[in-house]
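Encoded as structure tokens, the structure appears first; notes follow it.
Read-outs: derived from the displayed coordinates by stated rules, not from any lab. Please read these numbers as outputs of a predicted model, since none were measured by experiment. Note: ideal-geometry Cβ built from the backbone for every residue, glycine included; neighbour counts use all protein chains shown.
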Amino acid sequence: MLQVAYIRAHKNEVVAKLAVKNFDARDIIDALISLDEKRRQTQAEHDDTLANSNKLSKEIGILYKSGNTEEANAKKAQTAELKDRSKQLSQLLSETQKMLHDKLVQIPNIPHESVPKGKSEEDNKVISQEGEIPNLGDHAKPHWELVAEKNIIDFELGVKITGAGFPVYRGKGAKLQRALINYFLDKNIEAGYEEVMPPHLVNEASGFGTGQLPDKEGQMYHVTEDNLYLIPTAEVPVTNIFRDVILKKEDLPVKCTAYTPCFRREAGSYGKDVRGLNRLHQFDKIEIVQIQHPEESYKTLDSMVDHVAGILRELKLPFRILQLCGGDISFTSSLTYDFEVYSTAQDKWLEVSSVSNFESYQTNRLKLRYRDDDKKIKLCHSLNGSSLALPRVLAAIIENYQDANGIRIPEVLIPYCGFDKIE
RNA sequence: GGAGAGAUGGCAGAGUGGUCGAAUGCGGUGGUCUUGAAAACCAUUGUACAGCAAUGUACCGGGGGUUCGAAUCCCUCUCUCUCCGCCA
């Protein structure tokens, strides 16, 4: 969430920038500022009242000790009114704070100045495209046909065991999946990321910290009996490692990578674009997370983009990089680049990674800070990206690497797979 | 699932109604000494909010209560640990 003090000081700028996200912030920010004023005023008054009653209590204590009961009792009588007043004020204060907080979490992150205006994904800006789109002729098959033919992914079996969107990978399909996980992790470790294996269920505080709660409650599987959520991405447990942490400046940047399964309810997205591996309820993803100094975070974002591009290049998949427009960028992000690979048989670009700078939007929720050279405590910037999400990469590999006899394995994956072809 | 214990500052750990934001030790930072280092010694060392500041207020797991006054007493919730049972 944004910082109230910042909104107060840059009201017009905030409103103008949020308009890029098609968010009309005028009313909510007016309400927020007046609530903040009320909060500060109430708090000042409350503090005063408490200061008075603290003073009286101390005096009463001293009087009792010196045996002056009469005067002590007289002072006691004076406290009643103060007590009453402070009770009222503290109630008013906590109500005001709650209202303020409710407003604050409804305001999305401010987009970076480079974010283009736009209504939907149609308006995203293509930054670059590279890699050769293979010419497979008219016989190219979509991945869902190929995986059934080769018996490497069984969607119907997943339906039997769990439901739609929970595929079963088998044989060389399973091995290829495992190879991708190891390959991605190795690439990330090589680039200086520490590998972590976090829990796959998180509590409410963690869900709030990265911004999934309260806004996207319906997108996560919720284990109500224990009030835990299945993670929709490793971003949640990994970023929350640093919740309530004050880092030293020299600790920055912190770089973590994690492989986890991801669980998404995808409520309301049935129908289009859900065939095969395109959209699943459970999928595997390797995530990269960085905690960085505010002045360095955009350089870091670029380096993360380069890193992901390097992996797709090695896999020899045609891909393009998009900068998301105001209408498509997420609630919590300032600047997001999406990576899409070309899925030849589907004749479609599939999103395989999303790399974002959240600036201090998450860290303000997380209370993730660092001590700067001036000894002051300031919010870090947080960034993350997929490196990479498996199913669509797999779909693209299967389709782009098909030939008359089967599916070839990208060269970099052969050592991980132990075979070079699925026939 | 059953029984018990506990939650205090970066860590360890004292404090059972009054000037306690909290002893002490360790750690951190700065300094003295030293060619340098170690040791020793000295000093310093939580966070948030309000305020230009002085300063004030809050925080001893969360919430509520008793009291003029709560880390300390009462209620309640959450979490952690130990033992037993079950179990990968």
Inset, instruction - Give a quick list of trypsin sites (Lys or Arg not before Pro) in region A:186-289 that DSSP marks as loop, anything other than H, G, I, E or B, with at most 10 other Cβ atoms within 10 Å. - result: A:Lys272
Inset, instruction - Choose one answer from A:Leu89, A:Leu176, A:Leu100: the residue with the largest mean-square fluctuation in a GNM of chain A with alpha-carbon springs under 10 Å. - result: A:Leu89
Legend entry - Sparse-neighbourhood loop sites, trypsin sites (Lys or Arg not before Pro) in region A:368-423 - DSSP loop, at most 15 other Cβ within 10 angstrom: A:Lys375, A:Lys376
Inset, instruction - Once you've got the GNM for chain A with C-alpha springs shorter than 10 Å, pick whichever of A:Asn73, A:Asn182, A:Asn52 has the biggest mean-square fluctuation. - result: A:Asn73
Legend entry - Value of [θ]222 nm, deg cm²/dmol, for chain A, DSSP H segments ≥ 4, -39500 (n - 2.57) each, nearest 500: -13500 deg cm²/dmol
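For region A:116-168, which trypsin sites (Lys or Arg not before Pro) are in a loop by DSSP, counting at most 13 other Cβ atoms within 10 Å? Let's see the in-between values first.
Working: sites: A:Lys117, A:Lys119, A:Lys125, A:Lys150, A:Lys160; in loops: A:Lys117, A:Lys119.
Qualifying residues, ordered by number: A:Lys117, A:Lys119.
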Legend entry - A:Glu195 long-range amide H proximity, modeled H, under 5 Å: A:Thr257
Inset, instruction - Using only the C-alpha atoms of chain A, find the volume of their convex hull and express it per residue in Å³. - result: 178 Å³
Inset, instruction - Rounded to the nearest Å, what's the spacing between the alpha carbon centres of region A:117-154 and region A:187-210? Just the number, please. - result: 29 Å
Legend entry - A:Ile377-A:Glu149 FRET efficiency (beta carbon distance; Förster radius 51 Å; 0.05 resolution): 0.30
Inset, instruction - Sum up the charges of everything whose Cβ sits under 13 Å from the Cβ of A:Asn182, counting Lys and Arg as +1 and Asp and Glu as -1, but leave A:Asn182 out. - result: -1
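Greater than 26 Å separation of Cα atoms is the criterion. Which listed pairs, A:Lys11/A:Lys367; A:Lys17/A:Lys376; A:Lys103/A:Lys216, meet it?
Distance filter (> 26 Å) returns A:Lys17/A:Lys376.
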Inset, instruction - Mind checking the full-extension length gain between A:Ile62 and A:Met99? Use 0.36 nm per residue of separation minus the Cα-Cα distance, one decimal, nm. - result: 9.2 nm
Legend entry - Label-reachable residues, region A:275-305, where backbone N falls under 19 Å from a point 7 Å from A:Lys248's Cα toward its Cβ: A:291-294
Inset, instruction - Would you list, by chain and number, the lysines whose Cα falls below 19 Å from the Cα of A:Lys187, excluding same-chain residues fewer than 8 positions away? - result: A:Lys175, A:Lys255, A:Lys285, A:Lys316
Inset, instruction - Net charge near A:Tyr416: determine it from the other residues with C-beta under 10 Å of the C-beta of A:Tyr416, scoring Lys and Arg +1 and Asp and Glu -1. - result: +1
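Using R₀ = 60 Å, calculate the FRET efficiency as 1/(1 + (r/R₀)^6) where r is the Cβ-Cβ separation of A:Arg8 and A:Ala164; round to 0.05. Can you show the working numbers first?
Details: r = 48 Å, r/R0 = 0.80.
With R0 = 60 Å, the Cβ-Cβ based efficiency is 0.80.
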Inset, instruction - Hey, for a label at A:Glu190 modelled as a point 7 Å past Cα toward Cβ, could you say which residues of region A:385-407 have their backbone N under 13 Å away? - result: none
Legend entry - Amide H contacts under 5 Å for A:Tyr221, placed H, 5+ residues apart: A:Leu230, A:Arg265
Legend entry - Estimated FRET transfer efficiency when R0 is 51 angstrom, pair A:Glu423-A:Phe331 (beta carbons, to 0.05): 0.65
Inset, instruction - Work out how much length A:Asn73 to A:Glu132 would gain on full extension: take 0.36 nm times their residue separation and subtract the Cα-Cα distance, in nm to one decimal. - result: 12.3 nm
Legend entry - Relative contact order (percent, whole number), region A:121-422, Cα cutoff 8 Å, 6+ residue spacing: 23 percent
